[in-house]
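The values are calculated or read from the model by the stated rules, or taken from the named source; none is laboratory data. Since the structure is predicted, the reported quantities are computational estimates derived from the model, not experimental observations. Ideal geometry is used to build each Cβ from the backbone, glycine not excepted, and the neighbour counts take in all protein chains shown. Surface accessibility is based on the protein's heavy atoms, side chains included, excluding ligands, DNA and RNA. Shrake-Rupley method; radii C 1.70, N 1.55, O 1.52, S 1.80 Å.
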Amino acid sequence: MSKFYITTPIYYPSDNLHIGHAYTTVVADALARYHRQQGKDVHFLTGTDEHGQKIQRRAEEAGVSPQEFVDKIVENIKELWRLLKISNDDFIRTTEPRHMRRVQQIFQRLYEQGDIYKSEYEGLYCTPCEAFWLERQLVEGKCPDCGREVEKVREESYFFRLSKYADRLMAHIEAHPEFIQPVSRKHEMINNFLRPGLDDLCISRTTFSWGIPVPFDTKHVIYVWLDALTNYITALGYPEEADDNSLFKRFWPADLHLVGKEIVRFHTIIWPIVLMALDLPLPKQVFGHGWLVLEGGKMSKSKGNVVDPVILVEKYGLDAIRYYLLREVPFGADGVYSEEALVLRVNTDLANDLGNLLHRTLSMVEKFAGGVVPTPGEYEPLDQDLISEANRAVQAVQEHMEKLEVSDALAAIFQLIGRANKYIDEAAPWSLNKQGNRERLGTVLYAMVEALRVAAVLLVPFLVETPAKIFNQLGLGSDPGASRLEEGGRWGQFPAGTKVQKGKPLFPRIEWKESADESEQPKEEPKAQAEKETEAKQEVPQITFDQFMQIDLRVAKVLVAEKIEGADKLLRLEVKIGSEERQIVAGIAQYYQPEELIGKEIVGVANLKPAKLRGHLSQGMLLAASAGDQLALVVPEKPIGDGAEVR
Ligand code: MSP
């Protein structure tokens, strides 16, 4: 049996988790459930990253010991995963003896083999990110990742020889294109970190104590990222339990480390080098997903704008939240969270399309067949279409899930659901009933319940309550998950003669009363936008200096650029504007190749309201000059640094 080992990042228990953290874990859960449905031996690991200066400070502020502080939050995190029905096989806490002991053994080994040495560290440290920086890497004197103040650190430290392995890592990345995904993150790692060269990494601290002691020099605690990254192997028993019967033998290397985009660097540079030094195989893939942001930017406790998943589940139900998280954002890109969009999704897809399909189908089986599923007769072309659509959906879900296109997998299932609704309209069972055409009516009713059964089986990895509810109402018991997708998805298994049991609506429609969310501007195609701009130019009104000053023009550095599937004219860019990273969707794909943009400084409007273009969030607009069929980006005449104002 093939295996699948999937991990989430281990979360800092510095605060209760918000919907952004839930997003990572729910996606990992859907993938784990999908691979179980493929009949694989799955191991799904999550946990908490409990050491470090950040946690120690938070505990001091709260006036409790770090252990007491984390114990409470970790309980809440575990409770959240229970609420979201996360199917993890293990939960590792970095304060557990099994982890601490093994991290020390790993440290000792690296030291003994000469990969760790003692020296002095002098540099900068960002405590919220627990990251070391050099002066030249700062942006406007602040942390390039989170934009917050950094602190000067000077202390005796142990160092890990990252530089020694840099060439081997580069060769591995080049030989394994699937290792860093999406591919844009791979370019980012190569261009921004590997090419400029790797310095050895400081891996111990002496100015605080909340960490795992260096085994042979206990005034040092091990750098929290080294401690944290090793969780992926300590949880499997390494290095103590690495024999043939161990979890380590069974599951390492990981098939997938799922991480947010800001921590891809740790997972694709530091972590693989640690593994190389330990002579262990590297994970097969690290996937860096985008963030779920709010209209006003990143969610954070300090901004007071976090969205609590517990409240959302109470308000809308578990599957509604899971569906929204899995469906709304193309995986890999950033997405804007809005409650209105959530309600819209639930009402459109779950209440209208899926809920109605079940309700209509069962009502007709009751009305026209006494509640008993008839035996089908011969299939006609209309039925064959529906069957093909069901087969296609089974195929498409597998193809998308293998590529981690979770949202597209759900879209494929809802295409089947949409087709089934249309089938009912076209096959018109009510007319067949009127005509007394019992055989044809039987075939149509059978096709209706069977399409629903297949859809329910397909939904198993994503929704955790709904597939069982559908099965129950179809009279099939409550275990749609028992069957493997390959078997369960095959058309024609619905036992004729089954008595259906119509129940409560799956998803009652939600009333949404608040005024429309202004961030959701109408979807505009680039052409429409261009036309509007031309119109505007014809009667350009004068503006005052103050009006001009309201436009926040900034230099932005392109970190990532890639094509958007299905949108010939659009490129998705990730840009850095000072300490902030943004996603911008720009209609320049016909003029520029993504590769030529990476690393370029461009000029953009930084205070444009976010909008969605073809489902992708755009948080700004870049400036370009156009004449006839030519287009040229506006760029600073010499490098000036991103974040610089343009006036
Ligand atoms: N402790 C480290 C990870 C160590 S892994 C060896 C850490 N923890 S974290 O709690 O800050 O973040 C954990 C994960 O949550 C990251 O992958 C991060 O990207 C993700 N998210 C945090 N906020 C998020 C959003 N708003 N949206 C999507 N993901 C978010 O980093």
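Taking the Cα centroid of the stretch 1-39 and of the stretch 187-247, what is the distance between the two, rounded to the nearest whole Å?
If we compute the Cα centre of each part, the gap is 22 Å.
To the nearest 10 degrees, how steeply does helix 438-459 sit against the main Cα axis of the chain, on a 0 to 90 scale?
For 438-459 against the chain, the angle is about 10 degrees.
Is the chain best put as rounded, prolate or oblate by its Cα gyration tensor, with a ≥ b ≥ c the root eigenvalues, rounded for a/c under 1.5, and otherwise prolate when a/b is larger than b/c, oblate when not?
Verdict is oblate for the chain.
For the stretch 120-148 and the stretch 347-407, what is the separation of their C-alpha centers, rounded to whole Å?
The distance from the Cα centre of the stretch 120-148 to that of the stretch 347-407 comes to 54 Å.
Ordered by packing density, taken as the mean number of other Cβ atoms within 10 Å over each peptide's residues, highest first, how do 246-254, 418-426 rank?
Those peptides, ordered most packed to least, come out 246-254, 418-426.
For the stretch 316-406, what does the accessible surface come to per residue with a 1.4 Å probe? Please give it in Å².
36
Over the stretch 415-467, with the other protein chains present, what is the accessible area per residue in square angstrom, probe 1.4 angstrom?
Value returned for the stretch 415-467: 31 Å² of accessible area per residue.
How would you classify the stretch 387-426 from its alpha-carbon gyration tensor, with a ≥ b ≥ c the square roots of the eigenvalues: rounded for a/c under 1.5, else prolate if a/b is greater than b/c, otherwise oblate?
Because a/c hits 1.5 or more and a/b fails to exceed b/c, the stretch 387-426 counts as oblate.
So for each of 437-443, 287-293 I average, over its residues, the number of other beta carbons within 10 Å; can you give me the resulting order with the highest mean first?
Result, highest mean Cβ count within 10 Å first: 287-293, 437-443.
Tally the DSSP beta bridges in the chain and give the antiparallel ones as a percent, rounded to 5.
Beta bridges within the chain, antiparallel portion: roughly 70 percent.
Using just the helices of the chain, give the 222 nm mean residue ellipticity in deg cm²/dmol: DSSP H runs with n ≥ 4 each add -39,500 (n - 2.57), and the total is spread over all residues, rounded to 500.
Only helices count here, giving -12000 deg cm²/dmol.
In the chain, carbon and sulfur make up what percent of the accessible area (probe 1.4 Å)?
Carbon-and-sulfur percentage of accessible area, whole number: 49.
Taking the chain as a whole, which cysteines find no other cysteine Cβ under 4.7 angstrom from their Cβ?
Result for the chain is Cys146, Cys202, no neighbouring Cys Cβ within the cutoff.
Name the trypsin sites (Lys or Arg not before Pro) in the stretch 144-209 that are in a loop by DSSP and that have at most 15 other C-beta atoms within 10 Å, would you?
Hits after loop and neighbour filter: Arg148.
Considering only protein heavy atoms, what is the solvent-accessible area of Thr544 at a probe of 1.4 Å, reported in Å² to the nearest 10?
Approximately 80 Å² of Thr544 is accessible to the 1.4 Å probe.
Just the number, please: percent antiparallel of the DSSP beta bridges in the stretch 160-297, rounded to the nearest 5.
Here the share of antiparallel DSSP bridges comes out near 50 percent.
If one takes the longest principal axis of the Cα atoms in the chain, at what angle in degrees, from 0 to 90 and to the nearest 10, does the Cα axis of helix 66-83 lie?
It works out to around 20 degrees.
Which of the GluC sites (Glu not before Pro) across the stretch 587-647 are loop residues per DSSP, with 15 or fewer other Cβ within 10 Å?
Glu637
So what's the angle, to the nearest 10 degrees on a 0 to 90 scale, between helix 406-427 and the longest Cα principal axis of the chain?
Rounded to the nearest ten degrees, it is 10.
Show Ser2, Ser618 ordered by accessible area, largest first, where the area counts protein heavy atoms only and the probe is 1.4 Å.
Ser2, Ser618
What accessible area per residue comes out for the stretch 3-158, rounded to a whole number of Å², with a 1.4 Å probe?
Per-residue accessible area for the stretch 3-158 comes out at 39 Å².
Distance cut-off 18 Å, Cα to Cα: go down the list Lys72/Lys298; Lys513/Lys609; Lys142/Lys600; Lys85/Lys315; Lys186/Lys638 and report the pairs above it.
Lys72/Lys298; Lys513/Lys609; Lys142/Lys600; Lys186/Lys638
Decide, for the stretch 550-638, between rounded, prolate and oblate: order the square roots of the alpha carbon gyration tensor eigenvalues as a ≥ b ≥ c, take rounded if a/c falls under 1.5, and otherwise choose prolate if a/b is larger than b/c, else oblate.
Here the stretch 550-638 falls in the rounded category.
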